[in-house]
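Data first, discussion second: the structure below is written as structure tokens.
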Amino acid sequence: VCGILGLLLHDSNVDAAPEICEGLSLLQHRGQDACGIVTCGPKGRFYQCKANGMVRDVFDSNAIARLIGGMGIGHVRYPTAGSSNHAEAQPFYVNSPYGIVFAHNGNLINTESLLHYMDATAHRHINTSSDSELLLNIFANNLQQTGKFRINEEDIFTAIGGLMKQCKGAYACVAMLAGFGIIAFRDPNGIRPVGLAVRKSGSGRDYVFASESLVADAAGFSEWEDVKPGEAVIITRAGISRRQVAEPATFAPDIFEYVYFARPDSVLDGISVYRSRMAMGDSLAEEVDKILKEKQITVDVVIPVPDTSRVAALNLAQKLCLPYREGFIKNRYVGRTFIMPGQQMRKKNVRRKLNAMALEFVNKNVLLVDDSIVRGTTSKEIIQMAKDVGAKKVIVASCAPPIRHSNVYGIDMPSRNELVAHGRSTSEIAEEIGADLVIFQTLPDLISSVRQFNPTITKFDCSVFTGEYVTGGVDEGYLQHLEQLRADNVKDKVVRGDLGALEGKGGGGQAGSAERVNGISSSGPINGADDTVGLHNTWNVS
């Protein structure tokens with residue numbers, strides 16, 4: 001769950017950082033753990049600011065003023081694997097060859113073999129447990145093979161084509177070469193999103209890459225185009241070059257982007273997120289109607305769980321001719337609970353985030369509409385809140401089918417045992433979360449809700465529902481290894497000393513006196529120093 005952004009301004013005397021910061025704030029819903037910007041100024045010098053925290057906290061006016069240069073890339077991050085260390089904040093940097101900065105959204109599934117290759121063959125040191133740093137070094141190593149004093153677009157396309165042969169998994173990436181330009185590319189299956197847009201600027205054009213189209217809309221860019229699966233796009237002040245660099249593969253964008261992650265005002269791969277959620281509400285209404293009649297239950301009111309499910313809930317209510325009410329009022333200053341690290345933090349935040357209005361619940365059979373049920377933590381708390389203020393019955397309708405499998409492509413659904421639907425029937429799920437009845441959207445209905453807006457997409461990644469992984473290479477051993485890495489009780493820690501974990505690559509943890517629990521050492525900079533390697537970090541500089 002990350003957001004990526006690249007910006008190149010036609011006028012190199014105008015700083016790109018303020019617009020990058022604005023764009024990252026629009027992508028904040030994609031990650032609230034860390035953020036960073038690196039710009040490229042005169043003589044190809046990079047300027048960096050990155051840290052753990054929200055965009056508004058990391059980038060004040062002083063931090064932005066220090067980010068010089070007319071092009072740059074930015075990143076917002078939520079950790080799916082590895083630690084929440086400052087050193088894991090992106091963009092990442094390597095000085096050789098040519099000076100490259102890199103940001104990535106997704107997850108690789110063949111990290112162990114790639115780490116071995118980096119160590120034994122390329123002799124490159126990977127300093128963190130983030131596969132984004134690994135991707136960067138694969139790219140850098142491929143560029144180094146040219147052995148040239150100066151590279152051109154052809155060399156970059158060749159390097160990215162090589163990377164796509166080597167790396168398996170999901171990745172949408174933006175990169176910047178010192179004094180050269182910005183680059184974006186997308187894995188051959190197009191699982192994670194990224195696109196580009198242009199804006200007229202004096203006698204030339206500005207260009208932007210972003211995870212979602214709303215960034216381009218808000219900044220006055222037009223002609224939004226998705227980067228195609230397996231495609232690389234290179235933008236310099238001289239123009240734009242694009243090429244298909246990977247062998248054709250099954251195009252399978254992640255359907256969960258439409259269910260939950262993307263903002264409704266975005267268009268991904270030609271599909272309006274807003275329209276797809278409306279369609280989800282319409283098809284869910286038919287399923288709800290059928291099951292309520294079977295169970296002989298009547299519903300008095302439809303109430304959405306804010307915010308993502310509002311669009312679907314309104315359409316469902318209209319289709320069933322039921323009143324739609326806002327029964328939960330949201331505190332907008334608390335983050336998205338699904339992407340909160342740690343189960344206890346999620347539980348605590350549900351009640352800080354939502355307040356139930358008794359007058360909409362008392363003595364009523366309530367149909368709560370949610371986008372999905374993942375761990376069940378939030379659902380359980382919300383159902384209890386509804387009952388506490390007087391609801392007679394609480395029926396929950398989910399826009400997504402039961403989530404029973406891990407996501408290996410960059411979404412934090414770690415252990416299958418943490419998923420409330422794993423190994424449970426629908427009635428057992430209802431019992432576990434305290435609902436009187438749970439109704440799930442069927443998978444064919446969900447797919448058709450999204451696909452109807454772009455029938456050229458024949459397949460979506462639905463692995464969280466089906467356990468079928470489009471890239472291949474995902475077996476039980478890999479899933480267990482991933483669950484160990486991502487488990488809530490080890491997140492925010494650094495794996496140390498075990499070659500089986502990430503080939504011994506930790507994440508800048510404190511040596512010697514660090515507290516150790518079950519072979520896990522707590523992460524953090526030594527003596528409070530900034531443990532970012534490679535560039536001077538302007539964050540928190542007085």
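Scanning the stretch 404-443 for residues that are open to solvent by 10 Å² or more (accessible area, probe 1.4 Å), in contact (Cβ under 8 Å) with a residue 40 or more places away in the chain and small (Gly, Ala, Ser) gives SER415, GLY434, ALA435.
Look at the stretch 233-244: where a residue is within 12 Å of GLY204 (Cα to Cα) and a partner is small (Gly, Ala, Ser) and crowded, with 16+ Cβ neighbours inside 10 Å, sitting 6+ places away or on another chain with Cβ atoms under 9 Å, you get THR236/GLY181; ARG237/GLY70; ARG237/GLY181; ALA238/GLY181. Within the stretch 256-267, the residues that satisfy the criterion of being crowded, with 24+ Cβ neighbours inside 10 Å and in contact with a helix residue (DSSP H, G or I) (Cβ under 6 Å, 6 or more places away or on another chain) are TYR258, ALA262, SER266. Of all residues in the stretch 115-168, those satisfying the criterion of being β-branched (Val, Ile, Thr) and within 14 Å of TYR93 (Cβ to Cβ) are ILE126, THR128.
Residue count for the stretch 276-321, restricted to those that are closer than 16 Å to VAL366 by Cα and among the hydroxyl-bearing types (Ser, Thr, Tyr): 2.
Only residues that are buried (at least 23 other Cβ atoms within 10 Å of the Cβ) and either in a strand (DSSP E or B) or acidic (Asp, Glu) (or both) were counted across the stretch 158-180, and they come to 8.
One residue stands out in the stretch 174-216 among those that are more than 20 Å from the chain's Cα centre (by Cα) and free of Cβ contacts under 8 Å to residues at least 60 places away in the same chain: the one that is nearest to VAL245 (Cα to Cα), namely ALA197. Within the stretch 221-242, the residues that satisfy the criterion of being open to solvent by less than 30 Å² (accessible area, probe 1.4 Å) and not small (Gly, Ala, Ser) are PHE221, VAL227, PRO229, GLU231, VAL233, ILE234, ILE235, THR236.
Against the condition part of a strand (DSSP E or B) and either among the aliphatic types (A, V, I, L, M) or surrounded by fewer than 21 Cβ atoms within 10 Å (Cβ to Cβ) (or both), how does ILE138 come out, does it pass? Here the answer is no, as ILE138 does not meet what is asked. The test for being within 26 Å of SER276 (Cβ to Cβ) and either at pLDDT below 95 or assigned by the TED database to the domain that holds THR377 (or both) does not hold for ASP475.
The values are calculated or read from the model by the stated rules, or taken from the named source; none is laboratory data. Note that the structure is a prediction, hence the values are computed from the model and not measured. With ideal geometry, Cβ positions are generated from the backbone for all residues, glycine too; neighbour counts draw on all protein chains shown. Each accessible area value is taken on the protein alone, full model and side chains, heavy atoms only, with ligands, DNA and RNA left out. Shrake-Rupley method; radii C 1.70, N 1.55, O 1.52, S 1.80 Å.
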